[in-house]
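Here the structure comes first, spelled out in structure tokens, and everything after it is commentary.
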Amino acid sequence: VANAAVPVVSATGFPARVNLAKYQPVTTDSDNGVQKGAYLTDGLVTDSSSWISGSAGSHWAQVSFPFPVTVGSAQMVLGLDNVAPPSLFYLQYLTNGAWVTIPGTTLIGNTNKDVNLVFPSPVTGNAFRFYDPFDGTVNLRELALYPPNGTNGFPFGTDFSVDLARKQPALATANTFGNWPLLANDGLVDP
């Protein structure tokens, strides 16, 4: 096909932008009983698709990988529409069985709901976590981790979505064979 788009690939072999954390398993120290850690990596940025921690103590949310990955930047959507974001937190990665704070990721006095952190040097680990040492409830809508992209990181949030219908049950009054209702909201654009 003469006009076929060729995917852009970076020097690392990854597509130019790929959220390594998307759909990866998440473990948290606590939740509010409804909004679990799995919402952190679903690609949706809404109040109903967010992790809300328990109310007491420090809190963390960990994204785990089946093998070591190299990460160069992180993006987070914090707080809720009417709830302030965490003011003190940092990102850590697991290395040699210990959690190590990633240089340049400690935020003190944060008031931003959209945070883009480019690491001074890429880090490699099997697990990464958001850690808030402050007592109180943490509201976190999305956590994205990206491979290295030089000193610029990646543009913020271009792969986040507010598509609430995506992958939800779908019904129709009629269909033709192979054109099932669930294809209307599977997130793919395909005839």
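Just add up the charged neighbours of Ser58: K/R +1, D/E -1, any other residue whose Cβ is under 15 Å from the Cβ of Ser58. Could the numbers behind the result be given before it?
On the way: positive: Arg129; negative: Asp29, Asp31, Asp132, Asp135.
Overall, the nearby charge balance is -3.
With the highest mean first, a sort of the peptides 48-60, 105-117 on other beta-carbon atoms found within 10 angstrom per residue produces 48-60, 105-117.
Read the figures in this text as sums done on the coordinates, not as results from a lab. From a predicted model like this one, the values you see are computed outputs, not experimental measurements. Neighbour counts run over all protein chains shown; Cβ positions are idealised from the backbone, glycine included.
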